[in-house]
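The values are calculated or read from the model by the stated rules, or taken from the named source; none is laboratory data. Just so it is clear, the model here is predicted, and its values are computed rather than measured. Here the Cβ positions follow ideal geometry from the backbone for every residue, glycine too, while neighbour counts run over all protein chains shown.
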């Protein structure tokens, strides 16, 4: 199974990218592509911009990358209760290439934040809208207090949370 794993942030230290890539390690035998949103440079979406310049190649490339994979592990960064601006912009442009952005791919949604809320607000928004945009949502998981719960060396320290993440990711294969 080819899995696309990424965090919906352009931060070089993205905790959501770390969580997505870590989660993908629980898919035995999967061929994982670790996507970095910093590789996509797009103007702010507007119908005027689309009419004058067309759809940017990076939006088309994002759609093609999704097509090349069998499943998606996506961890959402929460900025003021919503998607990061960079992710939302890429998502908006991508929907102009193909409305069903997620192309009926099985998806696991994750979210984390430094605080105890674990980016639950943005996770709920995505759970409500991504299926309408072509996601076959299998499960979701929120990790609260990332810096207290996660280390690069060992991943999630709390055994119960680690098991919950493993069970969430395992639903991609079912």
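The residues of region 129-164 that are in contact (Cβ under 8 Å) with a residue 12 or more places away in the chain, touching a strand residue (DSSP E or B) at 6+ places or on another chain (Cβ under 8 Å) and closer than 22 Å to residue 82 by Cα, listed by number, are 130, 135, 136, 137, 138, 139, 140, 141, 142, 143, 144, 146. Of all positions in region 113-130, none carries a residue that is under 22 Å from residue 3 (Cβ atoms), part of a strand (DSSP E or B) and out of contact with any helix residue (DSSP H, G or I) (no Cβ under 9 Å at 6 or more places or on another chain).
When the residues of region 31-76 are filtered to those that are in contact (Cβ under 8 Å) with a residue 40 or more places away in the chain and over 17 Å from the mean Cα position of the chain (by Cα), which remaining residue is surrounded by the fewest Cβ atoms within 10 Å (Cβ to Cβ)? So the residue we want is 44.
So is residue 123 in contact (Cβ under 8 Å) with a residue 40 or more places away in the chain, over 13 Å from residue 20 (Cα atoms) and crowded, with 17+ Cβ neighbours inside 10 Å or not?
On the way: in contact (Cβ under 8 Å) with a residue 40 or more places away in the chain: yes; over 13 Å from residue 20 (Cα atoms): yes; crowded, with 17+ Cβ neighbours inside 10 Å: yes.
Yes.
Looking at 43, 28 in this structure, which one is modelled with pLDDT under 95 and farther than 23 Å from residue 119 by Cβ? The conditions single out 28. Only residues that are in a loop (DSSP other than H, G, I, E, B) and surrounded by fewer than 17 Cβ atoms within 10 Å (Cβ to Cβ) were counted in region 131-174, giving 9.
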